[in-house]
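Notes follow once the structure below has been shown.
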Amino acid sequence: LITTECQLSPCSMPPVVLIHGLFGWGEERPLCGLGPTYFPIQQLRRLWRRGPILAVDVGAASSDHDRACEAFAQLKGSRVDYGADHSRQCGHVRFGTDYSQKRGLLETWDASHPVHLIGHSFGGTTAVTLFHMIAEDYWGIGSNAEWVLSISCICSPLRGCNLPQALGLEPSSESWLAAANASVGGLLWKAQVAWPEFLKPLFNPRLDQFRDNSNLRSVLKADHPWQKDNLIMGKCTRFCASFWGEREHLSGTYLIAVVADSLEPLAPAAAFRAAAPYAGALAGFWWLLVYLVWRSRKKLKEKLLVLSQQRRVRQAALVLCGWTLASPLIAMPLLTAPQLRRFRSFLGAQLQVALEPLRPLLHGWVARPLLRLCSHAISSTSGHELAENDGLIDLKSQRGIRRQKKHLAFRGIQSTDSMTLACETSLAQTCSQEDVAGEMREVKSTEVLERGKWRVINVQGADHCLGTWLDHRHTSSMYNTVFSLLQRCESRHLDV
């Protein structure tokens, strides 16, 4: 991958629209605006200087269809319209949030002013769905495939995802974990509806289309409308064929797939053994501290009695107790007041800068072990369908786009492509042999990017955090490469 910033031409570049993945967010940060950004937006805006970088906020776990409708409404500045047929079939309201009173994120959007769509994880499949709906003029405003210049999918489960089934999170599953997940999710959603002014600033799931099904009895039912209209259900391998069934419009746009490495599975027992020494050292430290305090309890008691007799110490203790009781009542309005949203965003940006040195720790000690545990869940699941390669964790399954009959050995993982035949045929028609190689290499100025053929970028050593703020090693160079390719898309578009 190139490591220098791509030199963009002086002409204005098309906007880049970022679509987050499962339980992600766009411009609206969680934790009352104090959380980090999902994408490294500020860094991306420095790379793509001649055009805007926009991040939409769509449903955290809604279906690709619903998320695409929400993204379109935010970009265009209109009311979210999920469609009459879809809403009736899925049992939720047709119209969602109204963005018409606000200015759309895009000032001008038509065939002469197209956009680049970039999606991470499930956001990639949402981008493909959004493009398809725009190409067929789903909202009846005269849109067509030329409104989108390119689609870039970063670590997206283009071949379906076995992870929800392996973990028992598929809504149709009969496992206790699926039932517990549905119940907990339903209760959290009910709490969001009951106290939106307090809970939505912490994390907004954006599931307002189900507002008519938010009573307690409804959210705990197994046949709640959300159970059949969510992001996880649509990405199980058994439904992947329907996702790729009608995507003929892709032949007219530029397609980029960024693929990370497979992950070596980490068994829970191995994770426990690795963490045991650190947990033991921490427990030993606390026991030593308790022992020392117990031995010195008489001296400590005498010193506390002496301090308690001082007037200033008693006043300070009373002030501390009063502040402890009053601080939650003071902090809650400050963290939720809409008038202070800009201040919280500014404060969140400063906190994110302060967290920069901690990114290697958060990624290496938290995110990557969790991904390896998920990889173990895939590799250890019995059954032919679940034992094959997974499109979310074992991302080598995306490289193919054309099926290879033999097993691929990578870091001790025996895996095969898990795409169904219908899905395989659809993708194979939009791939060249050169793209299948997917080797990491420098992007040359003379390189030709063809419409309708996936350009696969294989980033060695990266994992599913690639493309997000959390990844500190490969994200910058990866976006440099993608933006260089997008610049070539724009130059060819202007030539045409």
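The values are calculated or read from the model by the stated rules, or taken from the named source; none is laboratory data. All figures in this text were calculated on a predicted structure; none of them were measured in a lab. Here the Cβ is made from the backbone with ideal geometry for all residues, glycine too, and neighbour counts use every protein chain on show. Remember, those area values only see protein heavy atoms, side chains included, never the ligands or the DNA or RNA. Shrake-Rupley method; radii C 1.70, N 1.55, O 1.52, S 1.80 Å.
For this structure, a couple of remarks:
- Residue ranges of helices (runs of 4 or more DSSP H) in the range 1-120 with at least 1 members more than 27 Å from Arg455 (Cα to Cα): 64-76, 84-90
- Being basic (Lys, Arg) and closer than 24 Å to Leu466 by Cα is a description that does not apply to Arg297.
- Residue in the range 45-53 that is at pLDDT 90 or above and of a type in the set (Phe, Trp, Tyr) present: no
- Enumeration of residues in the range 461-488 that are among the hydroxyl-bearing types (Ser, Thr, Tyr) and in contact with a Cys (Cβ under 6 Å, 6 or more places away or on another chain): Ser484
To keep it simple, each residue is scored yes or no on (1) basic (Lys, Arg); (2) over 25 Å from Phe203 (Cβ atoms); (3) crowded, with 21+ Cβ neighbours inside 10 Å.
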{"residue": "Gly35", "(1), (2), (3)": "no, no, no"}
{"residue": "Gln42", "(1), (2), (3)": "no, no, no"}
{"residue": "Gly51", "(1), (2), (3)": "no, yes, no"}
{"residue": "Ala55", "(1), (2), (3)": "no, no, yes"}
{"residue": "Gly59", "(1), (2), (3)": "no, no, yes"}
{"residue": "Glu70", "(1), (2), (3)": "no, no, yes"}
{"residue": "Ala73", "(1), (2), (3)": "no, no, yes"}
{"residue": "Gln101", "(1), (2), (3)": "no, no, no"}
{"residue": "Ala111", "(1), (2), (3)": "no, yes, no"}
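- Out of Thr336, Thr324, sole residue that is open to solvent by 70 Å² or more (accessible area, probe 1.4 Å) and β-branched (Val, Ile, Thr): Thr324
- Counted residues, the range 447-456 - those being hydrophobic (A, V, I, L, M, F, W, C) and either part of a strand (DSSP E or B) or at pLDDT 85 or above (or both): 2
- Condition check for Phe122: among the aromatic types (Phe, Trp, Tyr), surrounded by 16 or more Cβ atoms within 10 Å (Cβ to Cβ), out of contact with any strand residue (DSSP E or B) (no Cβ under 7 Å at 6 or more places or on another chain) and closer than 20 Å to Ile256 by Cα: yes
- When residues of the range 457-496 are limited to those that are part of a helix (DSSP H, G or I) and among the charged types (D, E, K, R), the one modelled with the lowest pLDDT: Asp495
- Scanning the range 142-173 for residues that are open to solvent by 20 Å² or more (accessible area, probe 1.4 Å) and modelled with pLDDT of 75 or more yields Gly142, Asn144, Ala145, Glu146.
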